[in-house]
1. Check A:111, A:115, A:132 and return the single one that is closer than 17 Å to residue A:36 by Cβ, surrounded by fewer than 19 Cβ atoms within 10 Å (Cβ to Cβ) and more than 12 Å from the chain's Cα centre (by Cα).
2. If a residue has to be in a loop (DSSP other than H, G, I, E, B) and either closer than 21 Å to residue B:83 by Cβ or touching a strand residue (DSSP E or B) at 6+ places or on another chain (Cβ under 7 Å) (or both) to count, how many in the range A:47-59 make the cut?
3. Out of all the residues in the range A:95-108, which are surrounded by 24 or more Cβ atoms within 10 Å (Cβ to Cβ) and more than 7 Å from chain B (Cβ to nearest Cβ)?
4. Taking the range A:45-69 on its own, how many of its residues are in contact (Cβ under 8 Å) with a residue 40 or more places away in the chain and either crowded, with 20+ Cβ neighbours inside 10 Å or at the interface with chain B (Cβ under 9 Å from one of its Cβ atoms) (or both)?
5. Give me a count of the residues in the range B:70-87 that are in contact (Cβ under 8 Å) with a residue 12 or more places away in the chain, at the interface with chain A (Cβ under 9 Å from one of its Cβ atoms) and over 8 Å from the mean Cα position of the chain (by Cα).
6. How many residues are farther than 13 Å from residue B:31 by Cα and within 14 Å of chain A (Cβ to nearest Cβ) if we restrict to the range B:140-164?
7. Can you tell which of B:167, B:130, B:118, B:126 is at pLDDT 95 or above and within 23 Å of residue A:117 (Cβ to Cβ)?
8. Considering every residue within the range B:30-42, establish whether at least one is within 13 Å of chain A (Cβ to nearest Cβ) and surrounded by fewer than 23 Cβ atoms within 10 Å (Cβ to Cβ).
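The values are calculated or read from the model by the stated rules, or taken from the named source; none is laboratory data. Remember, it's a predicted structure, so these values are computed and weren't measured experimentally. Using ideal geometry, Cβ is built from the backbone for each residue, glycine included, and neighbour counts are taken over all protein chains shown.
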């Protein structure tokens, strides 16, 4: 896991009865600790208009992400977060309070879908489910884990789905002394 | 198209002999203007260590994105940009100098793959190819366009591929007066 300090005070540990706690309180997880169907729930992150326009100004400066009045006459019908902002918030939640994989959260991509717009005033969290566990044949120290990460708003609506394959470290084996 | 001013001086119009110029100089494109196989090339964007760590501190604070020394002992073998940073830079290039679609660059996701790490000192650009044009049956004012966007470094290596379906506006029809 990353061992990074929390970057802001808005991301706290998630309280989710019966679900695995996030990395704030949990020991690191190795490949051997995972099971298909296992679920993780992150903390929450609020989104306001200032955050939406700040991200957009830097990375996706289109009118519907920058100005509510301009957005009203577009397909979005009002200010909406860039999908890449939603993706970035999702990653921030995963790193701060998602599955505490030993070695961190490392993926090579996956199918990404923005199911509905993120609006000012939304509060997001992420749920992850383990879909498949694939030990590496060539690298005994790791495996791949296919997960489905859903980013969900305060009304329980999915705003983004992302299904990456992640690299997860195996638990280091203790060396047995040669006799 | 967005009509937004350039956010920084580093992104200029692309020079690509025989390829469609980016939106800096081109008129807006409607669905009727597109053909399968059509290609677009953006301007370039340099990446340095400060940009990599600044993005990571905000959105993906893991050691291999924050600190070169820490990254050397990880799978990355040295400081590497967050994949979401690469995605954000890709979008910035597309909005600034990519295909000048009327209505902007609006997608609902797609298959995203990070093919290799982005390193400090890299210079990125994006190429987009039109794969499929799908007029909407229910909405006569628009259609979907499937594209493949490759983010490429200064050595011609693909660092990211993304294959979204984009919403593209049809050219407004002139009203014919009733006789």
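1. Details: A:111 fails: closer than 17 Å to residue A:36 by Cβ; A:115 fails: closer than 17 Å to residue A:36 by Cβ.
Within the list A:111, A:115, A:132, the selection yields A:132.
2. Going residue by residue through the range A:47-59, those that are in a loop (DSSP other than H, G, I, E, B) are A:47-48.
Cutting the leftovers down to either closer than 21 Å to residue B:83 by Cβ or touching a strand residue (DSSP E or B) at 6+ places or on another chain (Cβ under 7 Å) (or both) gives us A:47.
Residues meeting the conditions: 1.
3. We begin by selecting, within the range A:95-108, every residue surrounded by 24 or more Cβ atoms within 10 Å (Cβ to Cβ); these are A:95-99, A:101, A:104.
Within the range A:95-108, A:96, A:97, A:98, A:99, A:101 meet the criteria.
4. 3
5. Residues of the range B:70-87 in contact (Cβ under 8 Å) with a residue 12 or more places away in the chain: B:76, B:78-87.
Going one step further and asking which of them are at the interface with chain A (Cβ under 9 Å from one of its Cβ atoms), we end up with B:76, B:82-85, B:87.
Remaining after also requiring over 8 Å from the mean Cα position of the chain (by Cα): B:76, B:82-85.
Result for the range B:70-87: 5.
6. Qualifying residue count for the region: 11.
7. The match here is B:167.
8. From the range B:30-42, those within 13 Å of chain A (Cβ to nearest Cβ) are none; that's our starting set.
No: zero hits.
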